[in-house]
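Colleague: After the structure tokens below, expect a handful of questions from me.
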Amino acid sequence: MEPRETNRPCLRPAIPEIAVAALYLSDAVTAHLEGDTKRAGELILLADMPVIREWVESLWGKASPYRLYRAVEDTPVVLTKEFRIRARMPSLADKLKLLERDCYCCRFCGVPVVRSEIRQILHKMYPEALPWGRTNGSQHAAFQAMWAQFDHILPHARGGTNDLENVVVTCAPCNFGRMDYTLAELGLCDPRVREPISIDWDGLERLLG
């Protein structure tokens, strides 16, 4: 990978195993709603793939080889906290609007995402199949990769607002991997110029229905 590569759609493309895991998790929720909790637990466990954990950790670690920083002139500086927009994240209502707008998929790499609230419900019902400890290694790999985040195009630390036009849905690896850098500094193209990926995915929200 060239160190000054530009116009990348994402830091690192998603691996196909994540799409397979998403199918397992969707089928798990279907099985749960049909009362087949044994099958649901088995499917959730199948989605916890080591190769997905490797993909996640390659992106959000401080030494990630995919975070290719380059200096850019006239880039907004990192603001001290007293000069940033007070509200760090959009409201719950706005988050739900963003998920609907972006089709429950990461606007950078296209990974289907799941809200943490949904993950927490499944963790309580299937704690052995869906571990979620305090360390990365003790958390379910697929739910790490598909953890819904709300990323500011102009980073919050650089003065970005919570206006919906400045926020996109991302997966946790893309969000944590990008940190507080601008798109230009990482050679990323603006995801808003592409239409959201539209797939048969509801973020497992039907679990609530």
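The values are calculated or read from the model by the stated rules, or taken from the named source; none is laboratory data. None of these values were measured; they are calculated from a predicted model. Because the Cβ atoms are built from the backbone with ideal geometry, glycine has one as well, and the counts that use them run over all protein chains shown.
Colleague: Just give me the residues in the stretch 79-136 being among the polar types (S, T, N, Q) and in contact with a strand residue (DSSP E or B) (Cβ under 9 Å, 6 or more places away or on another chain), in sequence order.
Modeller: To start, the set of residues in the stretch 79-136 that are among the polar types (S, T, N, Q) comprises 80, 91, 116, 120, 135-136.
Matches in the stretch 79-136: Ser116, Gln120.
Colleague: Moving to a separate point now. How many of the residues in the stretch 169-201 are buried (at least 16 other Cβ atoms within 10 Å of the Cβ), more than 24 Å from His140 (Cα to Cα), in contact (Cβ under 8 Å) with a residue 40 or more places away in the chain and not charged (D, E, K, R)? It would help to see each step written out before you state the result.
Modeller: Going residue by residue through the stretch 169-201, those that are buried (at least 16 other Cβ atoms within 10 Å of the Cβ) are 169-178, 181-188, 191, 196-197, 201.
Imposing the further condition that a residue be more than 24 Å from His140 (Cα to Cα) reduces the set to 181-188, 191, 196-197.
Next cut, in contact (Cβ under 8 Å) with a residue 40 or more places away in the chain only: 181-182, 184-188, 191, 196-197.
Next, only the ones that are not charged (D, E, K, R) stay: 181-182, 184, 186-188, 191, 196-197.
Adding up the residues that qualify gives 9.
Colleague: Can you give me the number of residues within the stretch 183-209 that are charged (D, E, K, R) and part of a helix (DSSP H, G or I)? Full working, then the answer.
Modeller: Taking the stretch 183-209 and keeping what is charged (D, E, K, R), we get 185, 190, 192, 194-195, 200, 202, 205-206.
Those left that are additionally part of a helix (DSSP H, G or I): 185, 192, 205-206.
Qualifying residue count, the stretch 183-209: 4.
Colleague: When you scan the stretch 7-20, do you find a residue that is farther than 23 Å from Leu186 by Cα, touching a residue at least 40 places away in the same chain (Cβ under 8 Å) and of a type in the set (Gly, Ala, Ser), even just one? Write out each step before concluding.
Modeller: Here is the first cut: in the stretch 7-20, the residues farther than 23 Å from Leu186 by Cα are 16-20.
Now restrict to residues that are touching a residue at least 40 places away in the same chain (Cβ under 8 Å): 18-19.
From what is left, the residues that are of a type in the set (Gly, Ala, Ser) are 19.
Yes, because at least one residue in the stretch 7-20 is farther than 23 Å from Leu186 by Cα, touching a residue at least 40 places away in the same chain (Cβ under 8 Å) and of a type in the set (Gly, Ala, Ser).
Colleague: Please work out which one of (1) buried (at least 19 other Cβ atoms within 10 Å of the Cβ); (2) on the phi < 0 side of the Ramachandran plot; (3) within 17 Å of the chain's Cα centre (by Cα) is the condition Leu68 fails and give its number.
Modeller: Exception for Leu68: condition (3).
Colleague: I'm told Val111 meets every condition in (1) more than 18 Å from Leu188 (Cβ to Cβ); (2) in contact with a helix residue (DSSP H, G or I) (Cβ under 6 Å, 6 or more places away or on another chain); (3) of a type in the set (A, V, I, L, M) except one. Can you identify the failing condition by its number?
Modeller: (1)
Colleague: Here's a follow-up. When you go through Asp36, Asp48 one by one, which is the residue that is of a type outside the set (A, V, I, L, M, F, W, C), crowded, with 16+ Cβ neighbours inside 10 Å and within 21 Å of Pro127 (Cα to Cα)?
Modeller: On the way: Asp36 fails: crowded, with 16+ Cβ neighbours inside 10 Å.
Residue meeting the stated conditions: Asp48.
Colleague: Kindly evaluate Gly137 against the criterion of being modelled with pLDDT under 95, within 16 Å of Trp60 (Cβ to Cβ) and in a helix (DSSP H, G or I). Lay out the reasoning, then the answer.
Modeller: Details: modelled with pLDDT under 95: yes; within 16 Å of Trp60 (Cβ to Cβ): yes; in a helix (DSSP H, G or I): yes.
Against the criterion (modelled with pLDDT under 95, within 16 Å of Trp60 (Cβ to Cβ) and in a helix (DSSP H, G or I)), Gly137 qualifies.
Colleague: When you scan the stretch 140-170, how many residues do you find that are part of a loop (DSSP other than H, G, I, E, B) and closer than 20 Å to Gly41 by Cα? First the steps, then the outcome.
Modeller: Quick first cut of the stretch 140-170, residues part of a loop (DSSP other than H, G, I, E, B) only: 140, 146, 153-155, 159-163.
The next check asks that each one be closer than 20 Å to Gly41 by Cα; those that pass are 140, 146.
Total satisfying the criteria: 2.
Colleague: Hey, another quick one. When the stretch 194-208 is examined, which residues are found to be closer than 30 Å to Leu68 by Cα and either more than 19 Å from the chain's Cα centre (by Cα) or of a type in the set (Lys, Arg) (or both)?
Modeller: Once the filter is applied, which keeps residues that are closer than 30 Å to Leu68 by Cα and either more than 19 Å from the chain's Cα centre (by Cα) or of a type in the set (Lys, Arg) (or both), the stretch 194-208 yields only Arg194.
Colleague: Let me ask something else. Of Leu79, Leu122, which residue is at pLDDT 95 or above and either exposed (fewer than 13 other Cβ atoms within 10 Å of the Cβ) or not acidic (Asp, Glu) (or both)? Quick ask: steps written out before the conclusion?
Modeller: On the way: Leu79 fails: at pLDDT 95 or above.
When all the criteria are applied, what remains is Leu122.
Colleague: List the pairs whose first member sits in the stretch 24-36 and is closer than 17 Å to Ala141 by Cβ, whose second member is among the β-branched types (Val, Ile, Thr), and whose Cβ atoms are under 8 Å apart, counting only residues at least 6 apart or on separate chains?
Modeller: Cβ pairs passing all conditions: Tyr24/Ile44; Leu25/Ile44; Leu25/Val114; Ala28/Ile44.
Colleague: Answer yes if at least one residue in the stretch 96-112 is among the hydroxyl-bearing types (Ser, Thr, Tyr) and farther than 17 Å from Ala22 by Cα, and no otherwise. Break it down into steps so the answer makes sense when it comes.
Modeller: Step one: filter the stretch 96-112 for residues among the hydroxyl-bearing types (Ser, Thr, Tyr), giving 104.
Now restrict to residues that are farther than 17 Å from Ala22 by Cα: none.
No, the stretch 96-112 has no match at all.
Colleague: Related question: Suppose the filter is part of a loop (DSSP other than H, G, I, E, B), under 17 Å from the mean Cα position of the chain (by Cα) and of a type in the set (D, E, K, R); does Asp180 pass it? Show your work before the answer.
Modeller: Numbers: part of a loop (DSSP other than H, G, I, E, B): yes; under 17 Å from the mean Cα position of the chain (by Cα): yes; of a type in the set (D, E, K, R): yes.
In short, yes.
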